[in-house]
Amino acid sequence: MSLDVIREHMSQIMNTKIDSLISKATIIDPSMDASRVINKLSNADVFDAFCRQKNSTWTVNIRDLLQSKDISRMRVEPLLHPLPSLSKNNTVADAVNIMAHNRTRAAPVVQDADIIGTVEAKSILELIAELDNKWITANQFFTANPIVVDIETPLSTARRIMVNNRIDHLPVINKDKISHVLTSYHVLHTILPPERVGRRDIGSKKIRKLESPIGNLGTSRMTTCSPLDDLSSVLSSMLHANTTFCLVSLRTGLQGIITYRDVLNLLVTKEKSTVPLFIVGMPREDNTNLITTKFTKVLDRLSKVYPDIQEARVYVKKVHGGGRHNYEVSTVILTPIKSYIFTRNGFDLSKVFDEISGRILRNLAKRTKKRYKLSIRKMM
């Protein structure tokens, strides 16, 4: 099923004004130490915190805080990053684009230079759940082959995986079965000083150090579905259990995972091009419009010799490390017969897109020529 069709189905939600969805924001001060920010997030039971400085809105979330090396002494300011904000006149589509491009679970709402609230991903999921989504199946939007860890994996390794891959959920294997899921929230609380841990320490009675194995730290409150379960049942189970993920299983094997981000990706803005193009996670930088324009031209050029292309999806992931941003770009080209996936990593986003564009043109052009030759032979 094309994202274009799904997006049309959800157009009423995307055009909804956000004013009825605004909830209380967790406001912090840049001078706060990281441990105090964590406690504020825990007490409010939210993923993101916000502040205003230099006439801009800044944010930090639980995943960002995992990078803290000395959480009891480190100030939160170095972990803050700028984030576009909304006004009351913006739509759900605007909020979704902010969350998708910046990998957050909330988008701030600003009025008269003050943060007056946020629009949370969960609120948008509740709107989607009100629609008839029984024709949209999990295998159309879940993240396949999620990273898993063993119960004996050190917490330091789990922390590094989450930071490097910018993910918040790690299914934990015990005796060849998924026993529970470790989240970034649980890992974060292992690096808090003992006196800082609040009432929401779920994993164990004592504070676990990063050198110790994961064990049963995490949550056993897991929602599951099969690849052919519909979006309505997936959202119903996630919202009822108040979880931020759903594991996709077939028989006894883990096939994928569904998070808030996967559902919101169904609503991302479509770029203008001959081939329907959806880009998720593109950072708001000076040259991103040029990159998008160049990639659109590649697809337009390709569609002239490969008219079977139904849709193109691009997922940009910013991986932190070494003081620079390493980008991981995955492109999915959908045709009636199969999907073609092209992936590249690099520090220069423009170069990464150029490399993927070249691979797409070379690979699909070869298949077009081969198919044309086979057709000629059948005619003779």
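The values are calculated or read from the model by the stated rules, or taken from the named source; none is laboratory data. Since the model is a prediction, treat every value here as computed from it, not as a measurement. Counting neighbours? That spans all protein chains shown, and the Cβs are built from the backbone with ideal geometry, glycine included.
Inspection of the range 53-68 finds a residue satisfying the criterion of being in contact with a Leu (Cβ under 7 Å, 6 or more places away or on another chain), assigned by TED's automatic domain parsing to the domain that holds Ser23 and under 19 Å from Met238 (Cβ atoms).
Scoring Asn242 on the criteria (1) surrounded by fewer than 20 Cβ atoms within 10 Å (Cβ to Cβ); (2) modelled with pLDDT of 80 or more; (3) on the phi < 0 side of the Ramachandran plot; (4) not small (Gly, Ala, Ser) leaves a single failure, condition (3). For the range 127-156, a residue qualifies if it is surrounded by 15 or more Cβ atoms within 10 Å (Cβ to Cβ) and either of a type in the set (Lys, Arg) or within 13 Å of Ile13 (Cβ to Cβ) (or both), and the qualifying residues are Leu127, Ile128, Ala129, Leu131, Asn133.
For the range 192-210, the count of residues that are within 24 Å of the chain's Cα centre (by Cα), at pLDDT below 90 and assigned to a helix (DSSP H, G or I) is zero.
Residue-wise test of (1) over 18 Å from the mean Cα position of the chain (by Cα); (2) surrounded by 21 or more Cβ atoms within 10 Å (Cβ to Cβ).
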position	(1), (2)
Ser68	yes, yes
Glu77	yes, no
Leu83	no, yes
Ser87	yes, no
Met99	no, yes
Val109	yes, yes
Ala113	yes, no
Lys122	no, no
Leu125	no, no
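Taken together, Leu21, Leu65 contain a single residue that is farther than 14 Å from Leu188 by Cβ, among the hydrophobic types (A, V, I, L, M, F, W, C) and in contact (Cβ under 8 Å) with a residue 24 or more places away in the chain, which is Leu21.
For the range 142-157, filtered to residues that are assigned to a loop (DSSP other than H, G, I, E, B) and within 23 Å of the chain's Cα centre (by Cα), the residue that is modelled with the highest pLDDT is Val148.
Return the residues of the range 287-311 that are in contact with a strand residue (DSSP E or B) (Cβ under 8 Å, 6 or more places away or on another chain) and surrounded by fewer than 12 Cβ atoms within 10 Å (Cβ to Cβ); say none if nothing qualifies.
Taking the range 287-311 first, the residues in contact with a strand residue (DSSP E or B) (Cβ under 8 Å, 6 or more places away or on another chain) are 292, 295-296, 299, 309-311.
Those that are in contact with a strand residue (DSSP E or B) (Cβ under 8 Å, 6 or more places away or on another chain) and surrounded by fewer than 12 Cβ atoms within 10 Å (Cβ to Cβ): none in the range 287-311.
Residues that are among the basic types (Lys, Arg) and not in a loop (DSSP other than H, G, I, E, B) within the range 112-135 comprise just one, Lys122. Filtered by the rule that a residue be buried (at least 17 other Cβ atoms within 10 Å of the Cβ), within 22 Å of Leu86 (Cβ to Cβ) and at pLDDT 90 or above, the range 1-15 gives Met10, Ile13, Met14. Considering Thr274, Thr269, the condition of being touching a strand residue (DSSP E or B) at 6+ places or on another chain (Cβ under 8 Å), closer than 26 Å to Asn15 by Cα and surrounded by fewer than 20 Cβ atoms within 10 Å (Cβ to Cβ) is satisfied by Thr269 alone. Scanning the range 316-358 for residues that are surrounded by fewer than 17 Cβ atoms within 10 Å (Cβ to Cβ), outside any strand (DSSP E or B) and either at pLDDT below 85 or among the hydroxyl-bearing types (Ser, Thr, Tyr) (or both) gives Gly322, Gly323, Thr335, Pro336, Ile337, Lys338, Ser350.
Does the range 283-313 hold any residues that are modelled with pLDDT of 80 or more and under 21 Å from Pro84 (Cα atoms), and which are they? Within the range 283-313, Asn289, Leu290, Ile291, Thr292 meet the criteria. The residue list Asp132, Asp64 contains one member that is over 26 Å from Asn326 (Cβ atoms) and of a type outside the set (Lys, Arg), which is Asp132.
Taking the criterion of being modelled with pLDDT of 90 or more, more than 17 Å from Ser42 (Cβ to Cβ) and not β-branched (Val, Ile, Thr), the only residue of the range 57-74 that qualifies is Trp58. Just to be sure, is Asn139 in a helix (DSSP H, G or I), farther than 19 Å from Ala44 by Cβ, in contact (Cβ under 8 Å) with a residue 24 or more places away in the chain and touching a Pro at 6+ places or on another chain (Cβ under 6 Å)? Spelling it out, Asn139 is indeed in a helix (DSSP H, G or I), farther than 19 Å from Ala44 by Cβ, in contact (Cβ under 8 Å) with a residue 24 or more places away in the chain and touching a Pro at 6+ places or on another chain (Cβ under 6 Å).
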